[in-house]
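Q: Pasting in a structure now, in structure tokens, and then I'll have a few things to ask.
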Amino acid sequence: MVSSVRCAFQLYCCMLLLTALCACRRGPTVKEIAYISAPQAFLRDQVATVYSKTGTVKNGEQVQILGRDRRFARVRTPSGAEGWVEQRFLATKQTYDAFQKLDAQEQSDPVQSTGTTRNQTNIHLDPGRDTDHLYQLDQAAKVSILKRATIEKLLPGASARPTADKTVDPKSVPPPMEDWWLIRDQQGHAGWILARMVDVDVPLEIAQYAEGQRIVASFVLNQVADAEKNISQYLVLLTENKDGMPFDYNQIRVFTWNVRRHRYETAYRERNLNGVLPVTVSQETFEKEGLLSVFALRVKDESGNTLNRKYKLDTPLVKRVYAPGEEPAVARRRPSAKRKRR
């Protein structure tokens, strides 16, 4: 009897010891961290129609989640304010970390253009309306444009793509597409926004020469003196005036300033390009011409290979700069009409 009691007591002590060890290993409970994805939100003292405000949180601010209740989460700010906020205004720490990684990846990308937002819009982690977002831009916010992507536009509630011709299989109709810009805002946040939500900045003096095309970007190559003014000369990238094109741009034009006639003229135009961003502009010294403005394009050939092309502006002439071993295409000669018949 004594032996059985002793065994039971030892077993009880072992269980207490194991419980204590497990508790020590677990350590203190770590609360969930989230970030505010709305421009501004109020903290409530209770989840009810009538409530009092206990604080204010702003876009990108870190909060600690203390609990959840259906559509709301109870949070604590770094300043110690607590309250309830709608869960749709919260982004996860994984989303925040992914944005931080994207910022680091794109911080050295060359700016292709600048633009102004038409309305308040979300900055997405990837192209697409349903992708994760964290930061928001206000209307008329300035952004730097870095890259372009095009994806299929999701039609809400549409099970099949509409077609006017009943004899055409709806599956053979190309899906509607939409363009997205990878941007960097004035706070240094990188992300994707819907392209139609941004008006690309175009100098007024050359906007009139678009000829129905969409201007993707414009670059100042150099300036020339006309009387007491310095006039900029431009490289302009253009594309079809619709979304979903397989290229970022398919035409370039170089506008130079005619000092005698005091107007812009097209010094160079090249069409049918399968152009890929980014385009770079720099200066380079040449043996005969001296220091000239240079721009480099990236274009895809028929096999899908991306090739580099360099050009120099020796006002008003634009010339192709060939790399060592690269030769210009030689035009085929037509047979002479004066060749004697045998």
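Q: If you keep only loop residues by DSSP, which chymotrypsin sites (Phe, Trp or Tyr not before Pro) in segment 36-93 have at most 14 other Cβ atoms within 10 Å of their Cβ? Mind dumping the intermediate values first?
A: Values: sites: 42, 51, 72, 84, 89; in loops: 51.
Hits after loop and neighbour filter: 51.
Q: Taking 7 Å along the Cα-to-C-beta vector as the label spot, tell me the residue 301-residue 64 distance in nanometres, rounded to one decimal.
A: Going from the residue 301 label point to the residue 64 one covers 6.1 nm.
Q: Please state the relative contact order of segment 191-314 as a whole percent: Cα pairs under 8 Å, 6+ residues apart?
A: 16
Q: Quick one: putting +1 on the C-beta of Lys and Arg, -1 on the C-beta of Asp and Glu, what dipole do you get for segment 199-342 around its Cα centre, in Debye to the nearest 20?
A: On the way: 25 positive and 19 negative charges, 328 e Å.
Taking the Cα centre of segment 199-342 as origin, the dipole is about 1580 debye.
Q: Would you mind getting me the FRET efficiency between residue 258 and residue 289? Use the beta-carbon distance for r and R0 = 30 Å, nearest 0.05.
A: 0.90
Q: Could you work out the relative contact order of segment 80-161? I mean the mean sequence separation of Cα pairs under 8 Å and 6+ apart, divided by the number of residues, in percent.
A: 28
Q: Once you place label points 7 Å from the Cα toward the Cβ at residue 71 and residue 46, how far apart are they in nm?
A: With each label placed 7 Å out from Cα toward Cβ, I get 1.8 nm.
Q: Let me check I've understood the local charge: for residue 264, count other residues with C-beta under 14 angstrom from its C-beta, Lys and Arg +1, Asp and Glu -1. What total comes out?
A: +2
Q: Related question: Measure up 58/101; 242/300; 101/300; 101/153; 288/310; 58/147 against 24 Å on the Cα-Cα distance and list the ones that go over. Walk me through the numbers on the way to the answer.
A: On the way: 58/101 21 Å; 242/300 20 Å; 101/300 29 Å; 101/153 27 Å; 288/310 17 Å; 58/147 28 Å.
Over 24 Å Cα-Cα: 101/300; 101/153; 58/147.
Q: Using a Förster distance of 35 angstrom, determine the FRET efficiency expected from the C-beta separation of residue 225 and residue 118, and round it to 0.05. Before the final figure, lay out the partial values.
A: Working: r = 37 Å, r/R0 = 1.06.
Efficiency computed from Cβ-Cβ geometry: 0.40.
Q: Report, in whole Å, the centroid distance computed from the Cα atoms of segment 75-93 and segment 260-322.
A: A separation of 52 Å, based on Cα centres.
Each value in this text was obtained by applying a stated rule to the coordinates, not by laboratory testing. Predicted model only: the values in this text are computed from it and were never measured. Note: ideal-geometry Cβ built from the backbone for every residue, glycine included; neighbour counts use all protein chains shown.
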